[in-house]
1. What about A:G54, is it free of Cβ contacts under 8 Å to residues at least 60 places away in the same chain, over 23 Å from A:S249 (Cα atoms) and not in a helix (DSSP H, G or I)?
2. From the list A:R227, A:R255, A:R248, which residue is charged (D, E, K, R) and modelled with pLDDT under 80?
3. Helices (runs of 4 or more DSSP H) wholly in the stretch A:88-182 with at least 3 residues that are of a type outside the set (D, E, K, R) and closer than 21 Å to A:V316 by Cα - which ones?
4. Restricting the search to the stretch A:176-191, which residues are in contact with a helix residue (DSSP H, G or I) (Cβ under 6 Å, 6 or more places away or on another chain) and at the interface with another protein chain (Cβ under 7 Å from one of its Cβ atoms)?
5. Of the conditions (1) surrounded by 23 or more Cβ atoms within 10 Å (Cβ to Cβ); (2) under 18 Å from A:K99 (Cα atoms), A:K294 clears all except one; give me its number.
6. Considering the stretch B:73-97 alone, what residues qualify as being open to solvent by 30 Å² or more (accessible area, probe 1.4 Å) and hydrophobic (A, V, I, L, M, F, W, C)?
7. Working carefully through the options B:L106, B:L70, B:L26, find the one that is outside the structural domain of B:W157 (by TED's automatic domain parsing) and surrounded by 19 or more Cβ atoms within 10 Å (Cβ to Cβ).
8. Of A:L277, A:L358, A:L319, which residue is surrounded by fewer than 23 Cβ atoms within 10 Å (Cβ to Cβ), in contact with a helix residue (DSSP H, G or I) (Cβ under 7 Å, 6 or more places away or on another chain), in a helix (DSSP H, G or I) and not β-branched (V, I, T)?
Amino acid sequence: MDSLNLLWGGLEAAVTPENLLWAALGVLLGTFVGVLPGIGPAMAVALLLPVTYGLDATQAFIMFAGIYYGGMYGGSTTSILLNTPGESSSVMTAIEGNKMAKAGRAAQALATAAIGSFIAGTIGTMGVVFFAPALADIAVEIGAPSYLAITVMALVLVTAVLGSSKLRGFIALFIGLTIGLVGLDLNTGQPRLSFGTTQLADRLDIVVVAVGIFALGEALWVAAHLRRTPLQITPVGQPFMGKEDWRRSWKPWLRGTALGFPFGAIPAGGAETPTFLSYLAEKKLTKHPEEFGKGAIEGVAGPEAANNASAAGTFVPLLAMGLPVTATATIMLAALQSYGIQPGPQLMTEQPDLVWTLLASLLIGNTMLLVLNLPLAPLWAKLLRVPRPYLYAGILFFASLGAYTVNLDSFDLFLLLVFGLLGLAMRRFGLPVLPLILGVILGPIMESKLREALALSGGDSSGLVNEPLAVIVYVLTALFLVVPIAVRYLLPSRFDRSDDAADDPSDERELVDR
Amino acid sequence: MTETSHETPAPTTAPTTTPAIDRGQLGLAGFLALLGGYTVYDATTLDVGFADPVGPRVFPYVIGAVLLLLAVLLVVATLRGSRPEADDGEDIDLDTPADWLTVAKLVGVLVFTIATVGVLGWAISGALLFAGAAWALGSTTLVRDVLVGTVMSVGSWYGFYVGLGIPLSPGLLDGIL
């Protein structure tokens with residue numbers, strides 16, 4: 001119960017009228033940006049990061065937590081009302097959610113998404129409260145070889161298992177690793193890939209890279225393919241749920257939470273898998289199978305809860321090991337680092353106040369989301385009608401503002417443009433974004449762990465596998481790679497059938513979190 | 001979402017029975033080869049440190065070499081007819097050919113911003129950025145666009161200066177803002 005006491009302390013520190021105001025502002029801004037078409041939570045967080053620059057750490061966390069949850073809920077709203085999910089984790093929500101909206105039940109779909117997100121987010125955050133310290137205790141013992149192995153596993157899983165094209169996944173990953181090389185080599189102090197410039201020797205700011213690839217890349221890609229006929233937007237009233245809706249929603253919420261949290265907590269790349277599994281589970285367990293495909297509330301409640309629980313789960317490896325496994329977590333890591341906080345096993349013991357404040361902030365942000373967004377849903381729906389030239393000009397404006405405020409140097413705007421063009425090319429060539437952004441941030445970590453491990457063993461390559469955990473992780477990674485291929489060869493007939501059913505979602509996995 | 005909507009908008013939008021080679025992908029392969037080659041070359045210019053069995057060169061060597069390999073694999077895959085699934089989204093219509101002119105206009109607007117933000121300051125450059133981007137995307141209400149852009153850029157200048165204590169470049173308007 002020690003964790004609960006510490007969390008209570010964090011809550012006491014965080015709940016002041018002023019902080020609640022920052023939380024509310026964060027939720028409003030996050031939802032505002034998240035609702036805008038084409039913007040997922042990762043992009044919302046990256047775009048809004050500069051807003052928190054002038055605040056002290058506690059206030060920034062609280063506002064940040066609001067932005068995070070707001071951005072996610074905004075994405076769900078878009079996918080329910082437009083049937084075109086902004087990010088891959090909302091794909092499942094869109095299937096039944098949009099059918100509900102078309103059948104005049106948009107209010108119920110939005111309500112079950114909001115309440116389910118709240119419940120899953122709260123349970124998930126409590127899960128972090130209990131698991132992160134435990135994992136940190138173990139992680140302190142993890143040596144450089146095992147850490148390297150875990151990083152490799154995270155990259156391989158995200159790159160090879162999630163995407164639909166392994167070749168394109170690895171291309172994205174290695175472009176990301178190359179970007180991660182730019183800057184001073186930490187051991188010898190020599191600039192790499194810096195073209196003789198001092199700005200590049202100083203390592204690239206992840207905010208500039210992320211905003212360029214997510215926001216500017218998306219805006220340019222949309223500009224190339226702007227839909228000239230407006231989309232059908234379902235009008236929406238005040239979200240509410242009847243007795244029957246509650247009765248049918250609560251079990252999917254809990255099941256979704258149970259599926260989502262573990263997938264977020266292990267380095268297996270985000271919410272796509274658990275939302276998909278949750279959808280399948282609800283389809284199987286429902287008492288109203290005839291409604292699936294026509295707007296079954298279970299099909300919204302389950303995946304939406306799984307999505308939020310998995311988002312909370314990603315905080316376990318992020319806080320305990322400094323290991324981000326989703327695009328959004330990558331930006332969060334950058335944000336934490338900008339406050340001089342280096343997530344990892346030592347963080348829990350060295351700066352416990354900050355950790356517990358952050359976790360308390362997540363609970364506050366989550367609650368604020370429920371309080372604000374149920375009444376405001378009709379307003380958010382109106383945002384979908386913003387004229388497209390203004391919407392994307394606005395994204396360009398705020399992306400430039402965000403990049404410019406990092407160093408107040410127009411060179412960062414130039415970098416933003418370069419990464420924006422890279423983001424455009426990635427969308428054109430079907431390269432997934434997540435492996436790239438993870439490569440940028442995990443590449444330097446991998447290199448330092450590799451050099452640490454080999455320095456300890458005096459250059460002997462056995463230094464990479466002299467810990468049992470490292471060996472286990474490499475074996476697991478190999479299994480993850482080999483088993484799907486083996487299954488495909490050994491059970492061709494069965495695979496074909498399940499492939500049919502899974503066709504749509506596996507397609508969508510290419511659209512990793514933007 | 002149907003299969004056809006995933007197809008890359010090739011210059012010929014007709015549903016082709018024989019998948020044509022995506023020439024653009026060969027360009028991407030060329031870019032990867034260039035990137036990998038330069039990464040390896042750049043690594044050769046580094047001094048190897050002392051007491052560090054790995055040194056600063058190994059990682060770039062591996063990454064550069066894999067990039068070269070991936071470039072070759074991509075050429076092979078492209079020649080065998082592999083096509084990318086272009087990214088879809090709310091406002092994206094993949095059935096029409098790509099409108100690169102709009103993209104070029106937007107890039108032009110951004111280049112203008114990069115060149116002028118130091119001299120003109122954020123308040124003016126930001127407003128022009130917004131109005132220029134709206135124009136490039138097909139907005140026809142120029143006066144209103146400039147007004148909206150000005151409100152946003154001046155507002156964000158004061159927001160950052162007063163609210164967060166970050167002075168964005170004032171440029172020409174130094175002393176006025």
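1. Yes: the conditions hold for A:G54.
2. Only one candidate qualifies: A:R227.
3. A:106-141, A:144-156
4. Within the stretch A:176-191, A:L177, A:T178, A:L181 meet the criteria.
5. (1)
6. B:L73, B:V75, B:V76, B:L79 - these are the residues of the stretch B:73-97 that are open to solvent by 30 Å² or more (accessible area, probe 1.4 Å) and hydrophobic (A, V, I, L, M, F, W, C).
7. B:L70
8. Going through A:L277, A:L358, A:L319 in turn, the sole match is A:L277.
The values are calculated or read from the model by the stated rules, or taken from the named source; none is laboratory data. Because the structure is predicted, anything quoted here is derived from the model rather than measured. Using ideal geometry, Cβ is built from the backbone for each residue, glycine included, and neighbour counts are taken over all protein chains shown. The area values use the complete protein model at the heavy-atom level, side chains included, leaving out ligands, DNA and RNA. Shrake-Rupley method; radii C 1.70, N 1.55, O 1.52, S 1.80 Å.
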